[in-house]
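This report concerns only the one structure given below.
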Amino acid sequence: MNQPHRNTIFLEDEARILAHTAHPGDQYVLRVQAPRIAARAQPGSFAHIRCADLLPMRRPLSIMRVNAAEGWVDFLYKILGEGTRLLATRKVGESLSILGPIGVPFAPHSERPRALLIGGGVGIPPMVFIAEHLRALKTYKPFVIMGSEVPFPFTTRPSQIMVPGMPPGVIGAMPLMEDWGIPSRLASKQNYPGCFDGYVTDIARAWLVTLTPEQRNEVEIFACGPHPMLEATAKLAREFNLPCQVSLEEFMACAVGGCAGCTVEVKTDTGVYMKRVCVDGPVFDAQAVFN
């Protein structure tokens, strides 16, 4: 099968670190100068980063933001193992070897402008990326829901944007979304101020039931996060008969389709096949992988 996105993967062998900020919960935001990746990345794309010179295996990180004109790329990551622990020690001015952008991106449909974006944990970055992308298109009305069981990697702000169906006191929002005029709400079981005490899918359901049938027919769901969250999101999409695209999080070695170490079962019209998350995904139709 011809997959033209595979021909746009570049090696930025001297991607200079422009900023590297630590946040609570062992989370970091990394900005690098990587103009070829910035020019071609799309929402849902990821990059494969060499975290340290003596660590040959790269680590996949979802892209959170890009600026094609200035050539920078942002990543949000959490320390989970040796690779990300070493990456967290890298300083501004140092260079990283980065391969990207990789993967099949999200594909919004113009007939469904009410985009419901759901991100959990390190699944938040692709939601930021697609929110900014949809904002630039001007014809979409995204609503962003983010969940985390560690402190959010930003200082939450009481939202000035009303969202129907929200329980009393659920006013916590991501400042960047507020600045963009995009409604957002936050969920956690950690009793963070302004956050919903529950799951992201509970907030999504509370919003969906306020919509008229005509409005609901304009909704498309996009999600990234842990497997249980994505499974629950796929179930929610079936409940409301909504299209849903999910970006899967999988361990991977080569990230360019050679090792087939990140395969998942995907249901198609002609049967069930093993697909590689790195190059056949990471974005899939939710019902094809959670059925």
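The values are calculated or read from the model by the stated rules, or taken from the named source; none is laboratory data. In this text the structure is predicted, and so the values were computed from the model without any measurement. Cβ: placed from backbone, ideal geometry, glycine included. Neighbour counts: every protein chain shown.
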*Determine, yes or no, whether Val264 is surrounded by fewer than 21 Cβ atoms within 10 Å (Cβ to Cβ), assigned to a loop (DSSP other than H, G, I, E, B) and β-branched (Val, Ile, Thr).*
no
*Could you tell me whether the stretch 269-290 includes any residue that is within 24 Å of Leu186 (Cα to Cα) and assigned to a helix (DSSP H, G or I)?*
yes
*Considering only the stretch 46-73, state which residues are modelled with pLDDT under 95 and either surrounded by fewer than 18 Cβ atoms within 10 Å (Cβ to Cβ) or polar (S, T, N, Q) (or both).*
Ala52, Asp53, Leu54, Leu55, Pro56, Met57
*How many of the residues making up the stretch 65-83 are over 18 Å from the mean Cα position of the chain (by Cα) and in contact (Cβ under 8 Å) with a residue 24 or more places away in the chain?*
5
_Exclusive hit being surrounded by 18 or more Cβ atoms within 10 Å (Cβ to Cβ), more than 20 Å from Glu249 (Cα to Cα) and either in contact (Cβ under 8 Å) with a residue 12 or more places away in the chain or within 17 Å of the chain's Cα centre (by Cα) (or both), set Pro24, Pro43, Pro35_ = Pro35
*For Pro193: the one exception among (1) in contact with an Asp or Glu (Cβ under 8 Å, 6 or more places away or on another chain); (2) surrounded by fewer than 17 Cβ atoms within 10 Å (Cβ to Cβ); (3) not charged (D, E, K, R)*: (1)
*Across the stretch 74-84, what is the number of residues that are surrounded by 14 or more Cβ atoms within 10 Å (Cβ to Cβ) and either basic (Lys, Arg) or in a loop (DSSP other than H, G, I, E, B) (or both)?*
2
